[in-house]
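The block underneath contains the structure these notes are about, expressed in structure tokens.
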Amino acid sequence: MQRKFLTNLILLLFLNLLIKPVYIFGIDLRVQNLVGPDEYGIFFSMFNFSMLFNIFLDFGITNYNNRNISQYKHLLNKHFSGIVTLRVFLAIIFAVVSISIALIAGYGPRQMYLLGFLIFNQFLISTILYLRSNISGLLLFRTDSLISVLDRFIMILLCGWFIYSTRYQQYVTIELFIYCQTIAYAAAMGVALVVVMRRAAFRRFYWNRLFAMMIIRKSFPFAMLTLLMMFYFRVDSVLLERILPESVGARQAGIYASAFRLLDAFIMIPYLFAVLLLPLFSKMLRYKEDINQIVRLAFPMLLVFSMTTVALCIGFSEEIMRVLYSEHPSESAAVFRILIAGLIAFSVSYVFSTLLTANGNLWTLNLISASAMILNITLNLILIPKYQAVGSAVSSCLTLTLAAVLQLIISARKFSMRPGPKMTIRFLLLVTGIALIIVLQQYVDASWVYRFFASGLIIVFFSFLIGFIRPAGLMQIIIKQ
């Protein structure tokens, strides 16, 4: 299992690191700089609003399905046709609920027009994720890896034609950006559907009320978890745009988006770990295999990645933002320094919340997420009027940290995981080493780009040197037959 995890992780990371950074920095970032922070702030707020009510679109079916298919592969043929029909019904409910709440919230005609396309895009994204849950549940990780980057690859081709052409650049708008997303998601969904239908016994759409109720009942805890996590992670920009005066709210949402984009990009790494870990954990727990070895393999790698990234981004926040944005770089840097700290919490959470999900501890996760959501909304209501985007960043970071710490503690108790004195000492050495490297690099007379990459390489080398990550162990797993 360890070898399977590592080899597929390498492929998944390679493809995503090849495609997604190009999309994020070459397309998404370029669009924001072309349309301006106010326009992009409106899009970012509406995009996050369209994600808040995903409970009605997916109802936790994707996570439930991923866990179930990895444990019982024959359920793909049994459930696929019925779940597809159920998801179409849920999509209609999702659209009605989202549009109704948007009207109550007082969104204008243009915002409602954008929301209509974003709702449809959410349906396409959710369908892709459901289809991928079948593919990864069957442990077809290579196929899943290719499909995971297909939509972004198509977006690069479509948007790149407009934003890097002097002839068509003048036509770049938020609307055009959304249209390109729709085409890309639809194409990726089509490919994923073909792959799954070759494996599943799909004959026709059918509605079975008892089957639908059974799936909804079993996936309800997953649905609640999705809703609660979506709220405490995505509601910040929506509250910024709604609480503050119109012109101020759009700009502050744009500033928050500029900092959030990098966090969202870095989250890709722990998320990819979770994509592989959920089916592996589910299968291992079913057959009562020891999951501690996988945890000890994945968690230190994620910790080194996240702690190194956070330290570098805080130390070089001004320089990074000035390279990326022509407007409000200092304001974005102030938000970024706070927001990026949440990456460590994400790395912890994506390992241990995935483990608890695979073990079926959904109500425990829901209780944690509900507490986090209440804390996040409360802090936002208190901090946004005075501190604006910075206040939202503080709220987000504290909320993510609380959730991650609780998940870590509960997982450690349930699975009798203890770090041991040697690992504790290594962790403390790593923290101390990272802090010293970031402080000392300021006294080096060299370009910030040189100091940035040199510091990162030194930290990674140091983590190997002190044994926090063991290269010998990794190599044994890779070459083991």
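The values are calculated or read from the model by the stated rules, or taken from the named source; none is laboratory data. This structure is a prediction, so every number in the text was calculated from the model and none was measured. Neighbour counts run over all protein chains shown; Cβ positions are idealised from the backbone, glycine included. To get the accessible areas, we keep the full protein, side chains included, count just its heavy atoms, and leave off ligands, DNA and RNA. Shrake-Rupley method; radii C 1.70, N 1.55, O 1.52, S 1.80 Å.
Details
- Phi angles across region 25-34 convert, under the Karplus curve 6.51 cos²θ - 1.76 cosθ + 1.60 with θ = phi - 60°, into 3J(HN,Hα) values of 8, x, 10, 4, 5, 5, 4, 4, 5, 6 Hz, Gly and Pro given as x.
- Pairs from the table (LYS218/LYS414; LYS283/LYS422; LYS218/LYS283) lying more than 28 angstrom apart at Cα are LYS283/LYS422.
- Distant alpha-carbon pairs in region 317-474 (separation over 27 angstrom), percent: 43 percent
- Unit charges on C-beta of K, R, D, E only; dipole of the chain, Debye: 2180 debye
- Accessible surface, region 256-408, averaged per residue in Å² (probe 1.4 Å): 33 Å²
- Unit Cα scatterers, Debye sum, region 254-362: log10 I(q)/I(0) for q = 0.19 Å⁻¹: -0.87
- Cβ crowding within 10 Å averaged over residues, with 154-166, 302-314, 36-48 ranked highest first: 36-48, 302-314, 154-166
- Taken as Cα centroids, region 83-162 and region 399-440 sit 35 Å apart, rounded to the nearest whole angstrom.
- From the largest down, region 172-284 spans 52, 33, 32 angstrom on the principal axes of its Cα atoms.
- Peptide ranges 432-441, 397-406 listed from the most packed, as the mean C-beta count within 10 angstrom indicates: 397-406, 432-441
- With R₀ fixed at 25 Å, the C-beta to C-beta distance from MET112 to GLU318 puts the FRET efficiency at about 0.05.
- Contour minus Cα-Cα distance for PHE220 and TYR164 (0.36 nm per residue): 15.7 nm
- Simple spin-label estimate for TYR450 and VAL22 in nanometres, 7 Å along Cα-Cβ: 3.0 nm
- Working from label points 7 Å from Cα in the Cα-to-Cβ sense, the SER100 to ILE183 distance is 3.5 nm.
- Fraction of accessible area attributable to carbon and sulfur, region 268-326 (%, probe 1.4 Å): 57 percent
- Relative protection proxy for 388-395, 221-228, from highest mean packing down: 388-395, 221-228 (other beta-carbon atoms within 10 angstrom).
- Extension gain, TYR387 to ILE409, is 4.7 nm, computed as 0.36 nm per intervening residue step minus the present C-alpha separation.
- Gain upon complete extension [MET423, GLU289; 0.36 nm per residue less C-alpha separation]: 45.9 nm
- Element breakdown for region 371-418 at a 1.4 angstrom probe: carbon and sulfur atoms account for 70% of the accessible area.
- The tail of the calculated P(r) for region 356-449, taken as Cα-Cα distances beyond 20 Å, holds 62 percent of the pairs.
- Ordering LEU365, GLY433, PHE461 by the projection of their Cα atoms onto the charge dipole of the chain, which places +1 on the Cβ of Lys and Arg and -1 on the Cβ of Asp and Glu, puts LEU365 at the extreme positive end.
- Percent of C-alpha pairs per 10 Å bin, region 349-395, short to long: 27, 34, 25, 13, 0
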